[in-house]
Amino acid sequence: IMALLDREGPRLAAPLFLPGAEANRAAVRRAAGLAARELFGLMEAAHVQVIASEEEHLVKALGTTFAGYPDIVLGSPARIVDMKWGGGNWRRKQLANGTATQLAAYSFLVRGGSNSPFPPVAYFILSEQRVLTTSPESFAGAESVVGPDPGQTWASLESAHAEEWKVVCEGILRARGVPDEDGNDPPKEASVEDGQLVLAPPCQWCDFGALCGRDSVERA
């Protein structure tokens, strides 16, 4: 793994190989080595191997062609590991409250047919060496999180998409980053309400607040 990091690192993560980045590079090397050991241990305990990594999966969904690149698919039977550098407590909360939509989408993509079960999923937090899952029986040694399975999370996403698309087809575009007509502020975090996914608007990454009125709200 270290040889691979040294060979591919300058191409994939150039800032880590610049002068002055020695400490950060050493931290990444250490985390990569520990992660590899943890992942191989998990695979050995479950008697599975990597069957796909960063491979594109395409299906028809949400009225269009839906695509994704799951980090690691183990099998068989299939199970999905999504690698994240940090944020373990936040990812754990996503699994618990049914808002881990990326993992649910990967599970939907990998399952291979409407009559097939949704493969179990897990977050692998590299900087913390933690594996988080709602299916501990599929990931030996993982931290168990009580929460909905990926099929339930995907269902709440589909329900929300159908409802929102119906509103768009009526000619209505809602500005989710500003208070609604009743004065209710936008949600601060994602949640599931009445079986539908409610996402917090990612306004911190948008530079067009003048279009929706958010800039004027913040100045008021």
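Scan (1) assigned to a loop (DSSP other than H, G, I, E, B); (2) open to solvent by 60 Å² or more (accessible area, probe 1.4 Å) for the single condition Lys166 breaks and write down its number. Only one criterion in (1) assigned to a loop (DSSP other than H, G, I, E, B); (2) open to solvent by 60 Å² or more (accessible area, probe 1.4 Å) is unmet by Lys166, namely (1). Contact annotation: residue pairs with Cβ atoms under 7 Å, 6 or more positions apart or on different chains, pairing a residue in region 50-61 that is surrounded by 14 or more Cβ atoms within 10 Å (Cβ to Cβ) with a partner that is of a type outside the set (Gly, Ala, Ser) and in a strand (DSSP E or B), are Ile51/Val73; Ile51/Leu74; Ala52/Val73; Val59/Phe66. In the set Arg174, Arg91, Arg79, only one residue is at negative phi, of a type in the set (Lys, Arg) and modelled with pLDDT under 95; that residue is Arg174.
Against the condition touching a Lys or Arg at 6+ places or on another chain (Cβ under 7 Å), open to solvent by less than 100 Å² (accessible area, probe 1.4 Å) and either part of a loop (DSSP other than H, G, I, E, B) or over 22 Å from Thr101 (Cα atoms) (or both), how does Pro179 come out, does it pass?
Working: touching a Lys or Arg at 6+ places or on another chain (Cβ under 7 Å): no; open to solvent by less than 100 Å² (accessible area, probe 1.4 Å): yes; either part of a loop (DSSP other than H, G, I, E, B) or over 22 Å from Thr101 (Cα atoms) (or both): yes.
No, not satisfied.
Among (1) surrounded by 13 or more Cβ atoms within 10 Å (Cβ to Cβ); (2) under 19 Å from the mean Cα position of the chain (by Cα), where does Trp205 come up short? (1) is the only condition that Trp205 fails.
Anything in region 70-94 that is over 13 Å from the mean Cα position of the chain (by Cα), more than 13 Å from Leu39 (Cβ to Cβ) and in contact (Cβ under 8 Å) with a residue 12 or more places away in the chain? List them, or say none.
Listed by number, the residues that qualify are Gly75, Ser76, Pro77, Ala78.
Would you pick out the residues in region 148-163 that are under 17 Å from the mean Cα position of the chain (by Cα) and either open to solvent by 60 Å² or more (accessible area, probe 1.4 Å) or on the phi > 0 side of the Ramachandran plot (or both)? Result: Asp149, Gln152, Glu158.
Of all residues in region 81-109, those being closer than 18 Å to Gly195 by Cα and either small (Gly, Ala, Ser) or not in a helix (DSSP H, G or I) (or both) number 6. For region 90-114, the set of residues classified as over 14 Å from Thr134 (Cβ atoms) and among the hydrophobic types (A, V, I, L, M, F, W, C) consists of Trp90, Ala105, Phe108, Leu109, Val110, listed by residue number. For region 114-122, the criterion of being among the aromatic types (Phe, Trp, Tyr) and farther than 30 Å from Ile51 by Cβ is satisfied by no residue at all.
Answer yes or no as to whether Ala45 is over 23 Å from the mean Cα position of the chain (by Cα) and either within 24 Å of Gly151 (Cβ to Cβ) or surrounded by fewer than 14 Cβ atoms within 10 Å (Cβ to Cβ) (or both). Spelling it out, Ala45 is indeed over 23 Å from the mean Cα position of the chain (by Cα) and either within 24 Å of Gly151 (Cβ to Cβ) or surrounded by fewer than 14 Cβ atoms within 10 Å (Cβ to Cβ) (or both). Restricting region 97-133 to residues that are farther than 25 Å from Thr65 by Cβ and open to solvent by 30 Å² or more (accessible area, probe 1.4 Å) leaves a set whose member that is modelled with the highest pLDDT is Asn97. In this structure, does Leu74 turn out to be open to solvent by less than 20 Å² (accessible area, probe 1.4 Å), closer than 25 Å to Ala61 by Cα, outside any loop (DSSP other than H, G, I, E, B) and not polar (S, T, N, Q)? In short, yes.
The values are calculated or read from the model by the stated rules, or taken from the named source; none is laboratory data. Keep in mind it's a predicted model, so treat the numbers as computed, not measured. Quick reminder, even Gly has a Cβ in these numbers, built from the backbone with ideal geometry, and neighbours come from all protein chains shown. SASA here: full protein model, heavy atoms, side chains in, ligands and nucleic acids out. Shrake-Rupley method; radii C 1.70, N 1.55, O 1.52, S 1.80 Å.
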